[in-house]
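Can you read through this structure? Questions will come right after.
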Amino acid sequence: MTPRDDIGRDELQAMQLARLGDLLRDVVPANRFYAAKFTAAGVNPAALDPVRDWHRVPFTSKADLLADQQHHPPHGTFHTYSADRYCRLHQTSGTTTGRPLRWLDTAESWQAMLDNWRALLRIGGIRSEDRLFFAFSFGPFLGFWTAFDAAAQLGCLCLSGGGMSSTARLRFLIDNAATVVLCTPTYALRLAEVARQEGIDLPASSVRALIVAGEPGGSVPGTRARIEAGWGARVLDHNGMTECGPIGIECHEQPGGLHLLETECLAEVVDPGGQVFPDGSEGELVLTTFRRSGSPLIRYRTGDLVCVDPRPCRCGRALRRLDGGIRGRVDDMVIVRGNNFHPSVLQAFLQRFPEVAEYRIEIDATVALTTLRIDVEPTADAPADLARRLDQAIRDTLLFRAEVRLVPTGALPRFEMKAHRIVHKKPNHD
Ligand SMILES: [Zn+2]
């Protein structure tokens, strides 16, 4: 059943309460991880009123799930059913924690994620006659696996781009007249760069939209503008993660934000202490999933920095919208010269300069005053004084100093999945 995106607030809230009730009654007692968590917090799920007492439900973090999996290898105890019910295994990339988090799904949980994708594709204006190209490796990372299955169910022609070079992918998507491309924002830019080098005219291709996910960027104006110019196509931002599956997409009518599929999840935005913010405040996204009951999330701190737009969306949908999409990661926040600073602000700023082909931001907190250094790889036609101009523009616009250094063409890595352009050098407290 495809989730509804035309639901009103009152009906939505009634549905959310019913689904939270189901979760507390049917799933929590059967799930060893959550049952133990509730017991440790002194909360009896059977006696909990989801309206009045939801704030008493303990938070879960990725560190909790990783620790559980380490103590109970190989899959942990956060699964609701016996092992024979599960038919899919995926895992996170493990780049931020050093260890991948393994994730199992039942056939029902998998289908629930496909249902979500079908609703998201509809909100994004994708039709059965579209041809979707997935510039994705189809390895153990969950990524676009569910999007591929869901689009095929919708009747779209689905083209896998696994195991190909960037040039081969470009030729393949053009030869097969793809109309929609799915990839990370970083890789969308990389493909556009390769196309220019190969003399391929992407704006003349049949691609009309790109669905981008996996990192901030799809809702950042400078990044969007570069992708849209390189492809001659519309960007649609999307968010999902291995732990929650697909949950958000940009609507056709209002760019630069993500509607959350709230029939399928409860979304809260909290401050670092866990207090829930009203809409309009920037904080960490906390998610509870309703129908992925084989491996549910209950008050999961995603680490994603978001802000719910309190204004109604132009499209008329009542589903809440994250203005600016995923704005960054909560744990990337640093203090530079006494000011709270999020590197995503600097990333968004750098993306506005077409002369910047690639960059890397190094935040060095090992010295008395935290310093910022930016390595910039200029495009072939960039002016010789680019470093000085960037330095001046950063001071004028962002009001702090960063050391800007130009590096030779090709010196910085290119990324196929999530980019790692921010290097944190942290003090050693041992
Ligand atoms: Zn909208």
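Only Cα pairs under 8 Å and at least 6 apart count here; give the relative contact order of the range 184-295 as a rounded whole percent.
18
Per-residue accessible area for Phe138 at 1.4 Å probe radius, Å² rounded to 10?
Result for Phe138: roughly 40 Å² accessible.
Roughly how large, in nm² to one decimal, is the mean projection of the convex hull of the alpha-carbon atoms in the range 154-215?
With every direction weighted equally, the projected area is 4.4 nm².
How much accessible surface area, in Å² rounded to 10, belongs to the heavy atoms of Thr179 with a 1.4 Å probe?
30
I would also like to ask the following. Given a cut-off of under 8 Å on Cα pairs at least six residues apart, what relative contact order in percent is computed for the range 1-139? Walk me through the numbers before you get to the answer.
Values: 107 pairs, mean separation 31.9, N = 139.
Relative contact order comes out at 23 percent.
Further, regarding this structure: For the range 220-348, treating each Cα as an identical point scatterer without solvent, what Debye log10 I(q)/I(0) comes out at q = 0.14 1/Å?
Ignoring solvent entirely, the Cα scatterers give -0.66.
Provide the solvent-accessible area of Asp385, counting protein heavy atoms only and rolling a 1.4 Å probe, rounded to the nearest 10 Å².
60
Taking amide H positions as placed 1.01 Å from N in the peptide plane, with prolines and chain starts having none, which residues 5 or more places from Leu406, or on another chain, fall under 5 Å of its amide H?
Val376
Can you tell me what percent of all Cα-Cα pairs in the range 207-252 are more than 17 Å apart?
Values: 312 of 1035 pairs.
Looking at the range 207-252, the distances longer than 17 Å represent 30 percent of pairs.
In square nanometres, what is one fourth of the surface area of the convex hull spanned by the alpha carbons of the range 76-214?
With every direction weighted equally, the projected area is 9.5 nm².
In sequence order, what are the phi-derived ³J(HN,Hα) couplings for the range 277-290 according to the Karplus relation 6.51 cos²θ - 1.76 cosθ + 1.60 with θ = phi - 60°, rounded to whole Hz, with x for glycine and proline?
Ordered by residue, 3J(HN,Hα) equals 8, x, 4, x, 9, 7, x, 8, 6, 10, 10, 10, 9, 9 Hz.
Something else now. Can you say what percent of the DSSP beta bridges in the chain, counting only those with both residues inside, are antiparallel? Round to 5.
About 60 percent, rounded to the nearest 5.
In straight Cα distance, which lysines are under 17 Å from Lys37, not counting same-chain residues fewer than 8 positions off?
Partners within reach: Lys62.
Using a 1.4 Å probe on the protein chains only, how many percent of the accessible area of the range 2-158 belongs to carbon and sulfur?
Roughly 53 percent of what the probe reaches on the range 2-158 is carbon or sulfur.
Within the P(r) computed for the range 311-375, what percentage of the Cα pairs occupies the region above 21 Å?
I get 43 percent for the Cα pairs in the range 311-375 exceeding 21 Å.
Now a separate question. Consider just the alpha-carbon atoms of the chain and return their Rg together with their Dmax, both in angstrom.
22.0, 68
Shifting gears a bit: Which far-off residues, 5 or more places away or on another chain, put their amide H under 5 Å from the one on Leu210, with H placed in the peptide plane?
Val181, Arg234, Val235, Leu236
Principal axes first, then extents: for the Cα atoms of the range 350-430, list largest minus smallest coordinate on each axis, whole Å, largest first.
In descending order, the Cα extents are 46, 33, 19 Å.
Next up: What are the semi-axes of the equivalent ellipsoid for the range 1-74, taken as the square roots of 5 times the Cα gyration tensor eigenvalues, largest first, in whole Å?
27, 16, 11
Residue by residue through the range 249-256, which ³J(HN,Hα) values in whole Hz follow from phi under the Karplus form 6.51 cos²θ - 1.76 cosθ + 1.60 (θ = phi - 60°), with glycine and proline marked x?
Those phi angles translate into 7, 6, 7, 5, 7, 10, x, x Hz.
Compute the accessible area per residue over the chain, keeping the other protein chains in place, probe 1.4 Å, unit Å².
Each residue of the chain exposes 43 Å² on average to a 1.4 Å probe.
Another question, then. What residues have an amide H closer than 5 Å to that of Glu358, excluding those fewer than 5 places away on the same chain, when H is modeled at 1.01 Å from N in the peptide plane?
Glu377
Right, something else. Can you tell me, using C-alpha contacts under 8 Å and at least 6 residues apart, the relative contact order of the chain as a whole percent?
14
Given only helices, namely DSSP H runs of n ≥ 4 each adding -39500 (n - 2.57), what is the per-residue ellipticity at 222 nm of the chain, to the nearest 500 deg cm²/dmol?
Only helices count here, giving -8500 deg cm²/dmol.
Oh, and also: Ordering Glu193, Glu108 by accessible area with a probe of 1.4 Å, largest first, what comes out?
Glu108, Glu193
Starting from the exponent 0.38 and prefactor 2.2 Å, build the expected Rg for the range 304-418 from its residue count and divide its actual Cα Rg by it.
Scaled against compact globular proteins, the figure is 1.26.
The values are calculated or read from the model by the stated rules, or taken from the named source; none is laboratory data. It should be emphasised that the depicted structure is a prediction, and the values quoted were computed from it without experimental measurement. Note: accessible area is taken over every heavy atom of the protein model, side chains too, but ligands, DNA and RNA are not part of it. Shrake-Rupley method; radii C 1.70, N 1.55, O 1.52, S 1.80 Å.
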